[in-house]
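Everything on this sheet refers to the single structure shown next.
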Amino acid sequence: MSTPRKFLAVPLTPIHIGDGTELLPDHYRLRECSEEQFLELFEPAEVLAAMQPGERAQFIRLLGSGQLPRMHELLQQRVQQGHVRMRIPVSRTSYGELRKALSGTQRFGAVQPFIRSGLKPFIPGSS
């Protein structure tokens, strides 16, 4: 039987612990349920396919005119529970920063997720 142990890692130099993926605002939405905050990942093609023709046309107009924050907002509003592929818990601070990024023009809202196993972040042995 193994005994779980907790360690505190203090990096001496900058490190990157991730799998190289980047989540863009057209693949996730922010949700808050019962005092918890999440990123809900979805496939934009599925959401677009489920949209009414008028909504899809509006999405294409927004995309064509470069109004990306409004396009992302429309897409995220049309996500149904069946479209959600994964929920990743985020801290209140990260949630707030992402809200600002998604509503402003200075930042884009891209997320580089931490490596996870069972939705829990971990530091791989190679790091």
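The values are calculated or read from the model by the stated rules, or taken from the named source; none is laboratory data. What you are looking at is a predicted structure, and each value in this text was computed from that prediction instead of being measured. Positions of Cβ are backbone-derived with ideal geometry, glycine not excepted, and every protein chain shown enters the neighbour counts. Surface accessibility is based on the protein's heavy atoms, side chains included, excluding ligands, DNA and RNA. Shrake-Rupley method; radii C 1.70, N 1.55, O 1.52, S 1.80 Å.
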Output the residues belonging to the stretch 101-126 that are in contact with a Pro (Cβ under 9 Å, 6 or more places away or on another chain) and either modelled with pLDDT of 85 or more or not in a strand (DSSP E or B) (or both).
Ala101, Leu102, Ser103, Gly104, Thr105, Phe108, Gly109, Ala110, Pro113, Phe114, Ile115, Leu119
Ala50 being without any contact (Cβ under 8 Å) to a residue 40 or more places away in the chain and open to solvent by 30 Å² or more (accessible area, probe 1.4 Å):
yes
Hits in the stretch 84-105 - residues which are open to solvent by less than 50 Å² (accessible area, probe 1.4 Å) and under 14 Å from the mean Cα position of the chain (by Cα)
Val84, Ile88, Val90, Tyr95, Gly96, Leu98, Ala101, Leu102
Which residue, of Leu98, Leu63, is touching a helix residue (DSSP H, G or I) at 6+ places or on another chain (Cβ under 6 Å) and part of a helix (DSSP H, G or I)?
Leu63
Candidates Glu36, Glu40, Glu22, Glu73 - the one that is under 17 Å from Ala101 (Cα atoms), exposed (fewer than 14 other Cβ atoms within 10 Å of the Cβ) and either under 16 Å from the mean Cα position of the chain (by Cα) or of a type in the set (Ser, Thr, Tyr) (or both)
Glu22
